[in-house]
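So the structure is just underneath, and the comments pick up after that.
The values are calculated or read from the model by the stated rules, or taken from the named source; none is laboratory data. Predicted, not measured: the structure shown is a model, and the values here were computed from it. In this analysis, Cβ positions are derived from the backbone assuming ideal geometry, glycine residues included, and neighbour counts consider all displayed protein chains.
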Amino acid sequence: MRLLLTTSRGIEDLARAEVEGLFAKLGVPFRVEERPLGVEGRVSAEVGEAHYRDEKGRERELSIPTYLNERSRLLHRVIVGIASERFKGIEEEEPEVALKRIEDFVASLPVERYVKVSESFAVRGFRKGEHRITSVDIARTVGTAVFERLSRFGSPRVNLDHPAVIFRAELVGDAFFLGIDTTGDSSLHKRPWRVYDHPAHLKASIANALIELAKPDGGSFIDPFCGSGTIPIELALRGYGGRITCLEKFRKHLRGARMNALSAGVIDRIEFVQGDATRLSEYVDSVDFAVSNLPYGLKIGRKGDIPKLYMDFFRELAGVLERRGVFITTEKRAIERAIEENGFKITHHRLIGHGGLTVHAYVVE
Ligand code: SAM
């Protein structure tokens, strides 16, 4: 089976390592590739069949997409791949020409192997890059081609609101992918535990990527700007045994973090502290790991306050951090100055896509 897995831009290597670990646990043969056809935020996998024994001792096939949907912390979508193709020059083509190429390609694919004609279906389109066609055009065109193909085998049914099967058609630059989206319409990063929606919350997939970069090994852990608690909650959900602290200046957000932790079933695993991260040493004498999505001054607060906020925070952090810190922000200059002037060393830097933004992630020691 071929799978197309989606995640955030810049964390494909971490998603790949997670998926390889999950396949290794199943004992199936696999080959995982980062950025198939050069597309960011994508990982593809070729994986063999897995089996389990049911309660009556009969051997059953295990659904690998279901297994990934349930276990992964870094993926957004699990798509059973039908086909992929490079459409050279499609970016500049007239809409009719570009859509005809897509339609002819899809019409030639054996989509009937992936869906029963009696099941209702819908096509969701996704597009990224410069094109003269929209994602709606792509969904409509692919939908027509799938419908006509399935009509050879019976009477297909389209249901755009509540389809039994979702086809996903992606055009990223000149790379086209078609598959069955087993995740459904809500991406996996939208966690069911989120009952309080912080205006600048972090995607849970990125929270897990930051945790992977910090490599916490049971030592004490703090998110000093914890907002709605995404990082501490995701860490607690991994069954982390060490002490976890969620520090936040504003009562409203801290209350939201508590509500989220309650909904996630980990409220007893996290200490919630209302306080100012620029006075960190008043709340903790020492901490092994600090991981945070810093304020950027975009949605909350003012951009002009950021350099001083970061400088004051890293000065405090220098007095308490024992092992490793991982931080993300859009404010490259301000964070690099604060890191360096307070005696930290940057051991790793990468760019991560978060919504429409590209954020800088730093590991410091
Ligand atoms: N990762 C969080 C989440 O997923 O909900 C969002 C963090 S948000 C980018 C930054 C948070 O830092 C905001 O909730 C803001 O209220 C808080 N904050 C701003 N200044 C602070 C300070 N001096 N001390 C502690 N928290 C602060």
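Here are the numbers for the structure shown:
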quantity: Hey, Phe313 within 12 Å of the ligand (Cβ to nearest atom), surrounded by fewer than 16 Cβ atoms within 10 Å (Cβ to Cβ), at negative phi and of a type in the set (A, V, I, L, M, F, W, C) or not; calculated: no
quantity: Entirely in the range 218-336, the helices (runs of 4 or more DSSP H) that have 3 or more residues that are among the aromatic types (Phe, Trp, Tyr); calculated: 306-320
quantity: The range 8-41, subset touching a residue at least 24 places away in the same chain (Cβ under 8 Å) and under 15 Å from Glu70 (Cα atoms), residue surrounded by the most Cβ atoms within 10 Å (Cβ to Cβ); calculated: Ala15
quantity: Candidates Gly353, Gly325 - the one that is within 30 Å of His76 (Cα to Cα) and surrounded by 21 or more Cβ atoms within 10 Å (Cβ to Cβ); calculated: Gly325
quantity: Flag for Val78 being part of a strand (DSSP E or B), in contact with a strand residue (DSSP E or B) (Cβ under 8 Å, 6 or more places away or on another chain) and surrounded by 16 or more Cβ atoms within 10 Å (Cβ to Cβ); calculated: yes
quantity: One residue from Ile82, Ile11 being closer than 28 Å to Arg149 by Cβ and in the same structural domain as Ser135 (by TED's automatic domain parsing); calculated: Ile82
quantity: Considering residues of the range 106-123 that are farther than 12 Å from Ala164 by Cβ and in contact with a Phe, Trp or Tyr (Cβ under 7 Å, 6 or more places away or on another chain) only, the residue surrounded by the fewest Cβ atoms within 10 Å (Cβ to Cβ); calculated: Glu112
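Yes or no, residue by residue, for (1) under 16 Å from the mean Cα position of the chain (by Cα); (2) polar (S, T, N, Q); (3) within 8 Å of the ligand (Cβ to nearest atom):
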residue	(1), (2), (3)
Pro199	no, no, no
Ala214	no, no, no
Thr230	yes, yes, yes
Ile233	yes, no, no
Gly241	no, no, no
